[in-house]
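Student: Pasting a structure here, questions to come.
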Amino acid sequence: MSEQRFPRVRAYVSLTKPRIVELLLVTTVPAMMLAEGGLPSPWLMAVVLVGGSLAAGGSSAINCYLDRDIDPLMGRTSRRPLVTHTIAPRNALIFGLILAVVATALMTAFTNPLAAGLTVAAIVYYDLIYTAWLKRTTKHNTFWGGVCGAMPVLIGWAAVAGTLAPLAWLLFGVVFFWQMPHFYALAIKFKDDYARAGIPMLPVVATPMHVARDAVIYSWLTVAVSLAAWPLGMSTIYGIPALICGGMFILEAHGLYSRTKLGEPVKPMRLFHWSTAYLTIVFVAAAVDVFI
């Protein structure tokens with residue numbers, strides 16, 4: 001019995017896309033610490049982390065339900081539980097909705113109206129506006145999808161402060177602009193997948209040089225916004241890592257551009273992996289900065 005149950009449990013967990021949840025939490029905790037000017041109450045942090053994880057996981061499960069028609073067409077999504085029929089579509093939808101409702105209830109009961117409202121807005125935006133509409137209709141889908149990806153920063157800040165300060169918006173901007181080079185790199189690697197599924201990701205509908213140029217532009221914007229946060233109460237403990245890692249991030253984006261221009265192998269996953277490291281380092285530095 002247990003042999004049959006545990007694979008099903010793992011399938012449900014995979015619907016929540018745990019790696020995305022982890023990345024979102026990396027930005028949420030430092031935002032909460034900066035809003036508090038120290039360590040927030042353990043209870044509030046637990047509520048926001050659990051609520052945020054459930055919200056992100058529920059959104060991802062609903063995303064899998066909405067994308068069940070295109071996931072079989074793409075290699076990287078062809079083993080998702082709905083494609084392999086491990087979980088019925090109706091069950092996946094119910095699971096996602098339950099997680100979203102529980103997340104909303106937690107945030108409403110134990111934080112404040114602004115944080116709870118932003119949580120609901122993030123869920124609705126990701127599933128109904130991005131997944132069901134923009135992802136399938138515009139080459140700017142990654143840009144507009146960046147809104148929901150950066151929302152955890154605002155949610156974490158709002159849960160502590162009840163308002164949104166300029167620094168919160170700058171940190172939102174870092175995550176927002178960062179998503180373009182990050183996901184453009186992934187879309188370059190899986191360009192054929194997206195083309196088969198009819199998804200107009202930028203690498204599918206634009207020239208390689210166009211995509212590489214945009215990756216460079218948004219990497220510069222990411223670093224510029226991260227450095228704009230430096231004077232707003234941040235010390236060199238944040239500023240130096242942001243500057244050094246930002247420079248390396250920009251260099252990697254320019255490397256992708258140069259390889260594209262020269263007709264060499266683009267190696268987009270170099271930018272993808274480095275962008276993940278960059279975001280983690282910058283937000284960890286922001287958290288450490290609070291205490292020193």
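The values are calculated or read from the model by the stated rules, or taken from the named source; none is laboratory data. Predicted, not measured: the structure shown is a model, and the values here were computed from it. Heads up, the Cβs are rebuilt from the backbone with ideal geometry, glycines too, and the neighbour counts pull from every protein chain shown. For the accessible areas, the whole protein counts, side chains as well, though only heavy atoms, and no ligand, DNA or RNA atoms are used. Shrake-Rupley method; radii C 1.70, N 1.55, O 1.52, S 1.80 Å.
Student: Taking 0.36 nm per residue of sequence separation and subtracting the Cα-Cα distance, how much length would be gained by fully extending the chain between R90 and V13, in nm to one decimal? Intermediate results must be reported in sequence, preceding the final value.
Tutor: Working: separation 77, 0.36 × 77 = 27.72 nm, distance 1.60 nm.
Going from the current span to full extension adds 26.1 nm.
Student: Could you state how much accessible area H210 has, in square angstrom rounded to the nearest 10, with a 1.4 Å probe and all protein chains kept in place?
Tutor: That residue has around 50 Å² of solvent-accessible surface.
Student: Need one value: the accessible area of D214 in square angstrom, 1.4 angstrom probe, rounded to the nearest 10.
Tutor: The accessible area comes out at roughly 20 Å².
Student: How large is the Rg to Rh ratio of the chain when both quantities use alpha carbon positions and Rh follows Kirkwood? Walk me through the numbers before you get to the answer.
Tutor: Working: Rg = 19.2 Å, Rh = 19.7 Å.
A ratio of 0.98.
Student: Can you tell me the order of 128-135, 252-259 when each peptide is scored by its average per-residue count of other Cβ atoms within 10 angstrom, highest first?
Tutor: On the way: 128-135: 17.9, 252-259: 20.2.
Descending packing order for the listed peptides: 252-259, 128-135.
Student: With a 1.4 Å probe and all protein chains kept in place, how much accessible area does I123 have, in Å² rounded to the nearest 10?
Tutor: 20 Å²
Student: While we're looking at this one, here's another question. Using a 1.4 angstrom probe, figure out how much accessible area the chain has per residue, in square angstrom, rounded to the nearest whole.
Tutor: On the way: 13190 Å² over 292 residues.
Using a 1.4 Å probe on heavy atoms only, each residue of the chain averages 45 Å².
Student: Also, quick follow-up: Helices from the chain with mean Kyte-Doolittle at least 0.0 and a Cα length along the axis of 24 Å or more, per DSSP H: which?
Tutor: Within the chain the helices that satisfy the rule are 18-36, 42-66, 89-110, 141-161, 166-189, 208-228, 236-262, 268-291.
Student: Carbon and sulfur atoms: what percent of the 1.4 Å accessible area of the chain do they account for?
Tutor: Details: 9090 of 13190 Å².
Ligands and nucleic acids excluded, carbon and sulfur give 69 percent.
Student: Right, here's the next one. Cross-link partners among aspartates and glutamates for K267, C-alpha distance below 12 Å, same-chain residues fewer than 8 apart left out?
Tutor: E252
Student: Let me ask you something else. Could you give the nm distance between label points at I20 and N112, where each point is 7 Å from its Cα heading toward the beta carbon?
Tutor: 2.9 nm
Student: Just from its helices, what would the mean residue ellipticity at 222 nm be for the chain, if runs of 4 or more DSSP H residues each count -39500 (n - 2.57) and the sum is divided by every residue, rounded to the nearest 500 deg cm²/dmol? Working shown, then result.
Tutor: Numbers: 12 runs with 220 residues, N = 292.
Calculated from helices alone, the mean residue ellipticity at 222 nm is -25500 deg cm²/dmol.
Student: Here's another thing I want to ask about it. Enter the Cα centre distance for the pair segment 78-109 and segment 49-70, rounded to the nearest angstrom.
Tutor: 6 Å
Student: So what is the orientation-averaged projected area of segment 31-161, using the convex hull of its C-alpha atoms, in nm²?
Tutor: Numbers: hull surface 33.5 nm².
With every direction weighted equally, the projected area is 8.4 nm².
Student: Let me ask another. Under the √(5λ) rule applied to the eigenvalues of the Cα gyration tensor, what semi-axes describe the equivalent ellipsoid of segment 200-283? Give them in Å, descending. Kindly include the intermediate steps, with their values, before the conclusion.
Tutor: Working: eigenvalues 148, 30, 21 Å².
Largest first, segment 200-283 gives 27, 12, 10 Å.
Student: Note the full-extension length gain between W169 and R270 as 0.36 nm times their separation in residues minus their Cα-Cα distance, in nm to one decimal. List each step's numbers first, then the result.
Tutor: Working: separation 101, 0.36 × 101 = 36.36 nm, distance 2.83 nm.
Working it through step by step, the gained length comes to 33.5 nm.
Student: While we're on this one: Can you give me the C-alpha center-to-center distance between segment 193-244 and segment 257-292, rounded to a whole angstrom?
Tutor: That distance is 9 Å.
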